[in-house]
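Reading through the structure tokens given below for one structure.
The values are calculated or read from the model by the stated rules, or taken from the named source; none is laboratory data. Quick caveat, the model's predicted, so the values are computed rather than measured. All Cβ positions, even for glycine, are placed from backbone atoms using ideal geometry, and neighbour counts span all protein chains on display.
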Amino acid sequence: MVNVTKLGLSLLLSTAVSFAHADNIILKEKTNLMLNGKTIGFSPILTPVNVLKTSKDKTSIKIKGYRLENYPQMVVRDMARGELYAEFEDEDIATKSFKVIKKYEDDYGEIWHEVEGSFSIASKQIAKEPSKLYLNAKKTYERTCSMCHHLPASTAYTVNQWPQQIESMMEQAPLDAPTKSLIVKYLQQNAMDAK
Ligand code: HEC
């Protein structure tokens with residue numbers, strides 16, 4: 001009897017784990033974040049978020065990340081890796097939209113907040129085929145950045161270095177905003193310190 005109960009429990013646990021995985025999704029494109037029916041900010045393409053509840057039109061999501069106390073408008077992956085997860089125009093709204101879980105001080109004496117917030121997005125912004133989206137990001141990067149020189153390895157720079165590297169290419173290789181954002185996110189998610 002005891003064994004049967006144990007088996008039942010472990011089955012239950014493994015089901016719970018697979019559900020938790022299914023809840024992690026990525027955004028298909030730049031996505032408006034809504035709160036009480038108002039757009040208050042956005043998350044870039046390829047940003048990972050948790051789904052709380054979904055319907056045909058609207059999905060409520062949770063975003064977890066870190067922000068500087070002095071600059072709450074930007075929420076990034078963590079204190080060492082500034083991959084953008086969410087950005088807001090209004091400092092006040094940004095501050096109020098997230099719950100502070102914990103505060104940290106970094107090596108430079110800057111105060112960081114570990115935060116999480118829930119927002120509503122259009123359900124069509126969720127990538128239905130994430131592997132296709134990643135493959136497209138990889139191809140876009142390879143095509144765009146190998147025209148004048150060898151394709152740099154994504155691991156040649158850190159998450160925080162890549163945006164500057166792309167910025168320095170803009171004069172020679174101007175990119176439209178969506179392509180630039182896609183390449184920056186792709187490189188940051190595959191950077192030297194991404195894993
Ligand atoms: C139109 C030609 C051209 C394209 C397209 C181009 N680059 Fe470059 N890239 C250059 C040139 C020229 C240099 C060397 C001179 C310099 O650093 O500005 C360079 C240098 C670099 C370097 C080395 C910088 C260093 O400090 O040594 C990196 C990294 C780089 N490119 C990344 C990229 C990425 C990422 C893309 C795609 C978004 C890209 N490049 C697209 C012309 C280009």
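Data overview
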{"read-out": "Unmet requirement for Q188, which otherwise passes all of (1) in a helix (DSSP H, G or I); (2) within 9 Å of the ligand (Cβ to nearest atom)", "value": "(2)"}
{"read-out": "Strands (runs of 3 or more DSSP E) wholly inside the stretch 59-161 containing at least 3 residues that are within 16 Å of the ligand (Cβ to nearest atom), assigned by TED's automatic domain parsing to the domain that holds A173 and buried (at least 17 other Cβ atoms within 10 Å of the Cβ)", "value": "none"}
{"read-out": "Unique match (being in contact (Cβ under 8 Å) with a residue 24 or more places away in the chain and of a type in the set (S, T, Y)) among Y85, Y108, Y71", "value": "Y85"}
